[in-house]
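Undergrad: Here's a structure for you.
Any read-out appearing in this document is the output of simple, stated calculations on the displayed coordinates, not a laboratory observation. The shown structure was predicted, so the numbers you read here are calculated from the model rather than taken from an experiment. As a convention, Cβ positions derive from the backbone with ideal geometry for all residues, glycine included, and neighbour counts pool all protein chains shown.
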């Protein structure tokens, strides 16, 4: 008998709890005592753990890094890993990002897709098992992280005090089964602002999203201003300009998307840098903008940086210029690179560092998450296949992703699995108007429920 359909009885409760969780804008902020990611992620974590207690589940909070809800008995544990932090709202929303809006069978709000919706579903799967009095072979946990979006040490700190599950999955990707995750390399570029014309430049808020807006303030000759204005007018769908007391302000409009697929967006920072490069010399632009113009531009494959590569297992390297900031003192940029599972992140970082040094720019590695590659015949992958097949009537495919998930924290004991379906429309992850299709969302809930039932009961 398929147990997965039991979760459909909880749809209204799931949506209500999701609404309340989305209302907490749990963007990682300034650390505070006992709140390593700030007040709001701590508040969201406490919210969902309190709800778990109300359901009669066992809970634990590991210093507001992460926590869990648990059901069942047994010497070992299995787990579902989710996160309750979100990326900043950003711009260009049609509605309030922290108020869920239901329209045309789609629920909108920051976090509904990534990853609060999946978190609430997993919690209700535990409740459904408890309500049904299911006897378990092992304890089943839902682990809630608070710093996933900044690639933090939230789960590292959690597992210092809590046991590692024997197997697990994280619903933070797509169906079928993601057994290959590209490496994620993040670098900061820093140099003194040596531009003679650019007094400010601002684009992007997080490195793992394509910036959809950029703005620069320019002080230059009257002739150069007129040239800039002419170029702006020629591409008025992308650029706009206005004269202000502190100089000529030029804005660029792009299209945001997740850094794992930057080719699907339009990078406003890169477009604006290239526009300025058409008017000013390298000396006038300064070191950082010249570097961006010459070695990145509109490329998302790292070709001009001489780091372009690909493999059969996971596909090509991608590069995203996520942040670009210039003020009267400092020029800085943040770059996000997703590299193939057979590549070496340290070698890539060394190459970029050397190229940046040629422009007088310091390069600092902000993070290097090694790739994940789990063999297809791993026992827990067979269990995931079974859960999926019970609901969908077919086996899931195995695939690779450029995204980074909690699966990397499991040391070969887990993979990403759901919650999205390839045939769905754009969920707008890390973008404005983030949304879920309720029909697909509840189909995921069925698969999650069936799989968690097998995880808890299968010998």
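Undergrad: Post the alpha-carbon centroid distance, region 69-100 to region 12-61, in whole angstrom.
TA: If we compute the Cα centre of each part, the gap is 9 Å.
Undergrad: Relative contact order for the chain: what percent, with Cα pairs under 8 Å and sequence separation of 6 or more? Walk me through the numbers on the way to the answer.
TA: Numbers: 1089 pairs, mean separation 108.3, N = 459.
RCO, the chain: 24 percent.
Undergrad: Then there's this: For the chain, give the share of DSSP beta bridges that are antiparallel, in percent and rounded to the nearest 5; count only bridges with both residues there.
TA: Working: 71 of 91 bridges.
For the chain, the DSSP antiparallel bridge percentage is about 80.
Undergrad: Here's a follow-up. So if the hydrodynamic radius of region 1-140 is defined as the Kirkwood radius over C-alpha pairs, what does Stokes-Einstein give as its diffusion coefficient at 25 °C and 0.890 mPa s, in µm² per second?
TA: Values: Rh = 16.0 Å.
The estimated diffusion coefficient comes to 153 µm²/s.
Undergrad: If you don't mind, there's one more thing I want to ask. Please report Rg over Rh for the chain, where both radii come from the alpha carbon positions and Rh follows the Kirkwood definition.
TA: Numbers: Rg = 23.3 Å, Rh = 23.1 Å.
Ratio value, two decimals: 1.01.
Undergrad: Here is a further query. At R0 = 56 Å, how high is the FRET efficiency between residue 73 and residue 263 if r is their beta carbon distance? Nearest 0.05 is fine.
TA: Values: r = 49 Å, r/R0 = 0.87.
Given R0 = 56 Å and the Cβ-Cβ separation, E is 0.70.
Undergrad: Once label points are set 7 Å from the Cα along Cα→Cβ at both residue 103 and residue 364, what is their separation, rounded to one decimal in nm?
TA: 4.1 nm
Undergrad: For the pair residue 310 and residue 199, what calculated FRET efficiency results from E = 1/(1 + (r/R0)^6), where r is the Cβ-Cβ distance and R0 = 56 Å, to the nearest 0.05? Write out the running numbers ahead of the final one.
TA: Numbers: r = 40 Å, r/R0 = 0.71.
The formula returns an efficiency of 0.90 here.
Undergrad: Could you compute the FRET efficiency for residue 163 and residue 135, with r as their C-beta to C-beta distance and R0 at 25 Å, rounded to 0.05? Kindly include the intermediate steps, with their values, before the conclusion.
TA: Numbers: r = 21 Å, r/R0 = 0.84.
The calculated FRET efficiency here is 0.75.
Undergrad: While we're looking at this one, here's another question. Over region 183-369, what is the relative contact order in percent, taking alpha-carbon pairs closer than 8 angstrom and at least six residues apart? Spell out each step's value before the answer.
TA: Numbers: 441 pairs, mean separation 64.2, N = 187.
After rounding, I find 34 percent.
Undergrad: Take each of the peptides 272-280, 354-362, 402-410, average the number of other beta-carbon atoms within 10 Å over its residues, and list them starting from the highest.
TA: In decreasing order of mean packing, 272-280, 354-362, 402-410 become 402-410, 272-280, 354-362.
Undergrad: Another question, then. So for region 1-152: antiparallel DSSP bridges make up what percent, rounded to the nearest 5? Walk me through the numbers before you get to the answer.
TA: Values: 15 of 23 bridges.
Given both bridge residues lie in region 1-152, the antiparallel proportion sits at roughly 65 percent.
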